Ligand SMILES: NC(=O)c1ccc[n+]([C@@H]2O[C@H](COP(=O)([O-])OP(=O)(O)OC[C@H]3O[C@@H](n4cnc5c(N)ncnc54)[C@H](O)[C@@H]3O)[C@@H](O)[C@H]2O)c1
């Protein structure tokens with residue numbers, strides 16, 4: 001099995017920046033790329049801030065944090081980011097067309113042995129891999145938000161993924177400090193399928209006026225021992241990301257995943273969660289952005 005030394009990450013949003021943080025801390029040369037220069041600048045600040053906090057809390061030594069920051073490079077194009085990578089992890093928005101565009105490009109610019117991974121929360125890695133000439137080297141690596149804190153990595157075996165690729169992804173996950181589960185591809189894998197169901201049900205309850213968002217969150221935290229309520233979680237994940245997942249589960253697995261109309265309405269209004277300053281709850285520290293659609 002070829003050794004992984006350089007990890008490139010395409011997309012420096014909520015997930016991409018977190019994956020860059022754990023990759024660099026795991027000792028990999030890490031190259032982060034985004035189509036928006038502002039996203040890269042924010043990512044750089046956030047990674048530095050999170051590493052500083054980890055040092056303060058004595059979870060990471062100051063020298064390890066400095067070494068990790070030194071291992072991260074910021075690239076201006078996916079070609080530049082991926083050219084020398086042994087593993088590329090795609091973390092662009094949850095839309096099949098975007099994933100396919102990136103994988104088509106990566107397949108052209110990367111070396112034949114380079115592993116191409118997607119951080120998709122629900123989409124078919126088999127379908128994404130089918131646009132490449134290396135479906136055996138394509139795999140799902142599903143990280144969780146916030147990446148530097150969450151312990152799990154779901155590794156998704158697509159139809160053609162070979163054993164060597166699964167082993168390499170598991171080894172990288174281990175070096176990033178993650179516990180790994182390997183699953184056979186199925187829409188939503190384990191976690192997104194169950195989580196989307198709970199979150200959608202919560203929106204139906206809110207829409208039906210059964211309880212306030214705060215009380216629904218409180219009930220799941222105190223009655224079912226969930227660490228976060230479903231609305232706190234969806235504000236963190238992004239309502240648009242959750243809606244994309246539900247739409248896909250609805251198409252592939254049937255009617256029980258039909259997105260709650262209230263969720264659709266919030267997304268249309270631009271209430272995307274913490275990242276836009278307002279989701280189910282309001283976040284006064286972030287400016288409210290205008291709706292994109
Ligand atoms: N947010 C979560 O909690 C979470 C958890 C697990 C997995 N995921 C998955 O991770 C992926 C990314 O989600 P996110 O929440 O980080 O999204 P995000 O919207 O926060 O970030 C996506 C980033 O990709 C960039 N981008 C868009 N098109 C690009 C392109 N062609 N090339 C380079 N960069 C591009 C955007 O500018 C943005 O910065 C999705 O597939 C999502 O389903 C998200």
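The values are calculated or read from the model by the stated rules, or taken from the named source; none is laboratory data. Worth saying up front: this structure is predicted, and the values here are computed from it rather than measured. With ideal geometry, Cβ positions are generated from the backbone for all residues, glycine too; neighbour counts draw on all protein chains shown.
When residue 52 is tested against (1) farther than 30 Å from residue 165 by Cα; (2) part of a strand (DSSP E or B), just one condition goes unmet, and that condition is (2). For the residues 141, 96, 150, the requirement of being within 11 Å of the ligand (Cβ to nearest atom), on the phi < 0 side of the Ramachandran plot and crowded, with 17+ Cβ neighbours inside 10 Å singles out 141. Just name the residue that is surrounded by the fewest Cβ atoms within 10 Å (Cβ to Cβ) out of those in the range 11-38 that are within 11 Å of the chain's Cα centre (by Cα) and modelled with pLDDT of 95 or more. Filtering the range 11-38 for residues that are within 11 Å of the chain's Cα centre (by Cα) and modelled with pLDDT of 95 or more, the one surrounded by the fewest Cβ atoms within 10 Å (Cβ to Cβ) comes out as 13.
Would you mind finding the one in 292, 207, 265 that is surrounded by fewer than 16 Cβ atoms within 10 Å (Cβ to Cβ) and either assigned by TED's automatic domain parsing to the domain that holds residue 96 or modelled with pLDDT under 95 (or both)?
Working: 207 fails: either assigned by TED's automatic domain parsing to the domain that holds residue 96 or modelled with pLDDT under 95 (or both); 265 fails: either assigned by TED's automatic domain parsing to the domain that holds residue 96 or modelled with pLDDT under 95 (or both).
Sole residue among the options that is surrounded by fewer than 16 Cβ atoms within 10 Å (Cβ to Cβ) and either assigned by TED's automatic domain parsing to the domain that holds residue 96 or modelled with pLDDT under 95 (or both): 292.
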